[in-house]
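What follows is a short report on a single structure.
Where a number appears in this text, it was derived from the coordinates with a stated rule and is not lab data. Predicted, not measured: the structure shown is a model, and the values here were computed from it. Positions of Cβ are generated from backbone atoms using ideal geometry, with glycine treated the same way; all protein chains shown enter the neighbour counts.
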Amino acid sequence: MVELILFYAFAGVIIFSAMLMVLSRNIFHSALFLAVTLLGVAALFAMMGSFFIAGIQVLLYIGAVVVLTIFVINLTKQVIGQDAPQVNEHVIPAIITSLLAACLIILAVLKTDWGTRIAQSVAQTELTDNTALIGRQLLTNFVIPFEVVSVLLLAALIGAIAIVSRDKEAEK
Amino acid sequence: MKAKKVVKDQKTNKKEKTENMTIKAPFELEKLSNDEYILNMGPQHPSTHGVLRIILKLDGEVVKDLYADVGYIHSSVEKMCENKKYEMIMPYTDRLDYLSAVNYNWAYALAVEKLMGITIPERAEYIRVMLAELNRIMSHLLWYSAYGMDVGALTPIMYAFREREEVIDMIEGMTGGRLTHNAFRFGGFKNDLQKGFMDSLKKFIGHFNDKIDEYEALLINNVILTARTKGVGILSKETAMSYGVTGPSLRGSDCAIDLRKTAPYSIYDKFDFKVCTGKNGDTWDRLKVRMDEMRESTKILKQAMEGIPAGDIMAKVPKIIKPAPGEVYTKVESARGEFGVYIISDGTDKPYRIKFRSPSFSNLSVLKEIAIGSKIADVVAIMGSLDLVIPEIDR
Amino acid sequence: MELIKELFYNSGKPLGELYTWAHGIWAGWGAPPFLLDLIFQIIIGVAVALVVVLNALWIIYYDRKLSALMQIRKGPNRVGPLGLLQTIADTVKLMIKEDINPKAIDVLSFWVAPLIIFVPTFAVFLVLPFGKGLIPADLNIGILYVIAITGLTVIGILAAGWGSNNKYSLIGGLRSAAQIVSYEIPMMLVILSVVLLSGSMKMSDIVAAQANYKWFVIPQIIGFIVFLIVGNAEINRAPFDLPEAESELVAGFNTEYSAMKFAFFYLAEYTNLFLTSAIGATLFLGGWEGPFLPPIVWFFIKTYFVVTILMWIRWTFPRIRVDHLMEFSWKYMLPIALLNLVITAIVIKLV
């Protein structure tokens with residue numbers, strides 16, 4: 001009962017703030033609403049008993065991604081009071097992408113066998129500490145994807161440094 | 001229809017004109033590149049120590065250009081002096097630099113005495129030297145505390161004010177005033193030393209050197225501060241000379257010019273003291289010079305205390321000060337640098353023209369040379385090391 | 001008498017009994033049990049809020065008195081006995097002051113910023129182990145929760161800096177974000193070393209792992225020092241108070257704030273100081289463990305010991321410069337913390 005109410009409350013918050021994020025004409029407000037959306041998702045994770053995922057969601061998505069987004073917005077020329085345009089010239093690609101994404105999500109929702117999934121997640125909630133479980137899984141079954149992601153991140157880091165140093169050289 | 005348009009154009013023109021006038025910077029806003037922006041430091045800002053406006057052109061935190069906008073508290077002291085009798089001008093010189101007022105009194109008194117040809121009794125000279133050196137210590141102590149605040153250390157001010165209070169109490173006993181004394185008279189000094197002054201001076205000299213060590217341990221030799229000030233805001237000897245920088249700021253650049261030594265006035269040639277200099281001309285050297293100068297001042301005070309003769313404190317001076325026509329320039333070494341007074345007398349009891357040469361004005365003008373390319377925090381640190389007093393700049 | 005003693009020394013047991021007892025009565029009335037849980041949670045929330053506010057009042061007074069001691073002053077001594085009511089007077093003053101909203105602000109960011117800064121600070125109290133069994137919510141991700149939630153305050157500072165539409169605020173906000181993000185990494189590495197030693201992220205487990213005076217400060221002395229420095233930087237206190245560097249940026253990100261909104265920033269700053277110290281005490285100094293006195297007293301003694309160290313640092317050093325700050329984090333703190341983590345891992349594996 002309580003869980004249901006909470007779930008609908010969080011889901012409402014997520015959808016509402018996601019819409020506000022897209023519809024807001026102020027780019028800074030969009031970033032703030034993005035943070036709210038991600039916080040809502042983290043709350044849903046926590047409700048499902050995966051506190052670790054929830055914590056990581058807050059730490060990485062809000063504490064790092066949104067903060068960096070806002071940081072970049074702050075670095076641009078003051079755009080306070082300026083309304084960002086909501087439509088740009090790439091209307092048709094945008095529609096196509098959105099439709100494809102929507103199809104994907106709808107398919108995923110329809111194809112999932114919710115009955116067994118929920119049973120599984122309830123069973124997982126019984127586990128007191130799934131942090132250790134995640135840790136073990138990451139270093140056994142999923143070690144290759146894990147390492148690939150690390151390499152990808154490293155490549156991104158090096159790429160960023162390379163771009164910055166090239167700019168510096170051009171300045172000289 | 002047409003007329004209306006013309007009127008409108010005029011209106012917009014006028015608007016543009018006023019808009020342009022509000023931007024008082026040598027660099028125009030249109031010339032800013034995409035990364036740059038303008039930051040107004042002041043007129044009200046915690047680290048300008050008064051009503052001074054520094055317009056900074058910044059790229060991120062790096063200063064690309066700066067412009068010091070002076071004159072916010074201009075009060076036309078020089079013009080006012082033309083309408084005052086000679087003896088009425090003395091308090092105005094106090095207000096130029098309220099932190100080391102004595103030296104400003106002194107330069108003015110010296111000028112009038114030179115015009116009138118008055119010789120001063122030796123005891124009065126000794127009292128003047130003692131007062132001036134106490135005042136220099138007091139000014140440097142205030143600079144030290146303010147500098148601590150500038151670089152974010154909130155504690156040194158309390159330690160420096162402990163000794164500053166002692167000094168001010170002594171000066172108060174000597175002159176009756178704590179900041180602006182107006183104690184000099186043409187031909188001598190207002191009153192003789194109070195009873196007990198020598199004892200408190202002796203006590204002060206006895207422990208002050210230890211206190212200076214304490215200040216240095218607390219702030220000047222701190223790791224964070226040395227990292228922030230060494231190699232920052234380097235002022236070369238040549239630049240300093242060409243901008244007319246004087247005082248401790250000049251001596252920090254390895255240039256041993258101290259008017260007390262190089263052009264001794266009063267009885268300074270009788271005292272044995274060192275002209276403190278820095279080596280590299282960076283911010284830290286300027287700090288160190290001031291700390292060393294306090295030690296030298298203590299030395300002078302000690303010698304003065306031991307050598308003070310008995311006798312008169314006032315020479316014979318006519319009741320009405322009416323110098324013969326002529327002009328005179330005198331200069332003293334104030335806590336901030338060379339302070340000069342230039343007087344043209346036309347034979348009446350009011351000066352025809354007075355010009356003050358104030359050290360902070362020249363010292364401020366060099367800020368642009370040494371601060372460009374540093375960070376915002378460095379501008380504060382460098383500005384603090386120049387020890388500016390705003391009323392003296394604006395006059 | 002026995003009950004009171006147990007309440008202080010082993011709070012978990014009597015509180016648990018109280019809980020089951022209340023549930024029994026509640027079930028007797030036929031009311032749904034989740035309502036009682038809700039009531040309990042509200043009571044816990046109010047209790048935590050009370051602790052936050054009372055503690056902030058005291059810690060501000062303590063800071064002022066301690067700084068006065070270091071600066072040969074007297075400190076507040078007029079309002080109330082020994083000036084104890086000074087903070088209350090200041091708070092009341094801030095409450096009744098005019099709340100000034102500059103014309104050119106971005107209203108949403110300007111209004112929401114104090115809340116974003118304050119709410120996470122408040123929320124972290126949920127996992128603080130005040131005593132044996134006296135922990136509002138013993139999450140199994142305890143310390144991760146702390147890191148994650150405190151990371152949110154950056155958004156508030158950035159929002160304050162951006163929403164004020166003031167260049168000083170903007171620079172303050174940017175400095176703060178850069179600072180907190182860079183110092184969060186060594187902080188996490190240090191905490192990770194402690195988690196390696198305790199084998200759990202649960203706060204109660206971390207305390208339990210240090211039982212019998214095997215405090216982590218001894219094997220993790222480097223970690224503790226790094227934690228103190230980095231923690232000080234994370235809460236923007238001198239010598240790392242660049243975001244609000246008074247002599248450079250007037251007041252940094254809170255330049256345009258007044259009245260109660262400013263009070264929120266102030267409250268958050270001091271509460272953060274307490275939090276960092278409390279976490280330091282829990283991770284390194286054995287939490288509430290100690291002889292003779294009740295655990296909750298030991299918790300506060302240890303926390304205030306760390307608070308005192310941080311205040312001592314604050315009132316002694318000048319402010320570090322912004323590029324030195326970054327260098328200090330990336331070139332010194334991060335390698336030391338990383339090395340500490342690796343050595344800890346190796347030693348644990350070998351022993």
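Results, tabulated for the structure shown:
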{"quantity": "Kirkwood hydrodynamic radius (C-alpha pairs) into Stokes-Einstein, segment A:1-84, 20 °C and 1.002 mPa s, D in µm²/s", "calculated": "157"}
{"quantity": "Shielding of B:149-160 by partner chains, average beta-carbon count, 10 Å", "calculated": "6"}
{"quantity": "Simple spin-label estimate for A:I158 and A:L60 in nanometres, 7 Å along Cα-Cβ", "calculated": "2.1"}
{"quantity": "Ranked B:E333, B:E293, C:E17, criterion: other C-beta atoms within 10 Å, fewest first", "calculated": "C:E17, B:E293, B:E333"}
{"quantity": "From the C-alpha gyration tensor of chain C, square roots of 5λ in Å", "calculated": "33, 28, 21"}
{"quantity": "Shape of the protein assembly as shown, Cα gyration tensor, a/c cut at 1.5", "calculated": "prolate"}
{"quantity": "Charge-dipole axis of the protein assembly as shown as Lys and Arg at +1 and Asp and Glu at -1 on Cβ define it, positive-most pick from B:G340, A:V22, C:Y19", "calculated": "B:G340"}
{"quantity": "Relative packing of peptides C:80-91, C:173-184, A:5-16, B:380-391 - highest average C-beta neighbours within 10 Å first", "calculated": "B:380-391, C:173-184, C:80-91, A:5-16"}
{"quantity": "Residue among B:M80, B:M291, B:M174 with the largest mean-square fluctuation in a Gaussian network model of chain B, springs linking Cα atoms under 10 Å", "calculated": "B:M80"}
{"quantity": "Rounded to 10°, Cα long-axis angle of helix B:156-175 versus longest principal axis of chain B", "calculated": "50"}
{"quantity": "Translational diffusion coefficient (Stokes-Einstein; Kirkwood radius from C-alpha pairs) of segment C:206-257 at 25 °C, 0.890 mPa s, in µm²/s", "calculated": "184"}
{"quantity": "Derived scalar couplings ³J(HN,Hα) [segment B:298-315; Karplus, 6.51 cos²θ - 1.76 cosθ + 1.60; whole Hz; x for Gly, Pro]", "calculated": "4, 4, 4, 4, 5, 5, 5, 4, 6, x, 5, x, 8, x, 6, 10, 10, 7"}
{"quantity": "Calculated over chain B: convex hull of Cα atoms, volume per residue (Å³)", "calculated": "161"}
{"quantity": "Order of C:W215, B:W143 - criterion: other Cβ atoms within 10 Å of each residue's Cβ, fewest first", "calculated": "C:W215, B:W143"}
{"quantity": "Average partner coverage of C:33-40, which counts Cβ from other chains inside 10 Å", "calculated": "1"}
{"quantity": "Average other protein chain Cβ within 10 Å of Cβ, residues C:104-112", "calculated": "3"}
{"quantity": "nm² value of the averaged projected area, convex hull over the Cα atoms of segment C:283-351", "calculated": "7.1"}
{"quantity": "Extreme residue, positive dipole direction of the protein assembly as shown, given options C:L134, C:S109, C:V124 (C-beta unit charges)", "calculated": "C:S109"}
{"quantity": "Potential extension, B:N191-B:A256 segment - 0.36 nm per residue separation minus Cα distance", "calculated": "19.9 nm"}
{"quantity": "Local net charge near C:E289, Cβ-Cβ under 11 Å (Lys/Arg +1, Asp/Glu -1)", "calculated": "+3"}
{"quantity": "Chain B - mean residue ellipticity at 222 nm from DSSP helices (-39,500 (n - 2.57) per run, n ≥ 4, rounded to 500)", "calculated": "-15500 deg cm²/dmol"}
{"quantity": "Segment C:234-351, Rg to Rh (Cα coordinates; Rh as Kirkwood inverse mean 1/r)", "calculated": "1.06"}
{"quantity": "Dipole magnitude of the protein assembly as shown about its Cα centre (Cβ charges: Lys, Arg +1; Asp, Glu -1), debye to nearest 20", "calculated": "1880"}
{"quantity": "Anisotropy class of segment B:168-265 from Cα gyration tensor, a/c 1.5 cut", "calculated": "oblate"}
{"quantity": "Folded to 0 to 90 degrees: helix B:376-386 orientation relative to chain B principal axis, Cα", "calculated": "30"}
{"quantity": "Stokes-Einstein translational diffusion, segment C:24-125 - Kirkwood Rh over all Cα pairs, 1.306 mPa s, 10 °C, in µm²/s", "calculated": "90"}
{"quantity": "Between 0 and 90°, nearest 10: helix B:2-22 axis offset from chain B longest Cα axis", "calculated": "40"}
{"quantity": "Modelled FRET efficiency - R0 56 Å, C:I348 with B:T239, Cβ distances, 0.05 increments", "calculated": "0.40"}
{"quantity": "Gain upon complete extension [C:I96, C:H23; 0.36 nm per residue less C-alpha separation]", "calculated": "22.0 nm"}
{"quantity": "FRET efficiency estimate (nearest 0.05) - Cβ-Cβ, C:T308 to B:K368, R0 56 angstrom", "calculated": "0.80"}
{"quantity": "Residue order, fewest to most beta carbons within 10 Å, for C:W288, C:W21", "calculated": "C:W21, C:W288"}
{"quantity": "Point-charge dipole on Cβ atoms (K/R +1, D/E -1) for segment C:268-351, about Cα centre, debye to 20", "calculated": "120"}
{"quantity": "Filtered trypsin sites (Lys or Arg not before Pro), segment B:180-242: DSSP coil and at most 12 other beta carbons within 10 Å", "calculated": "B:K195"}
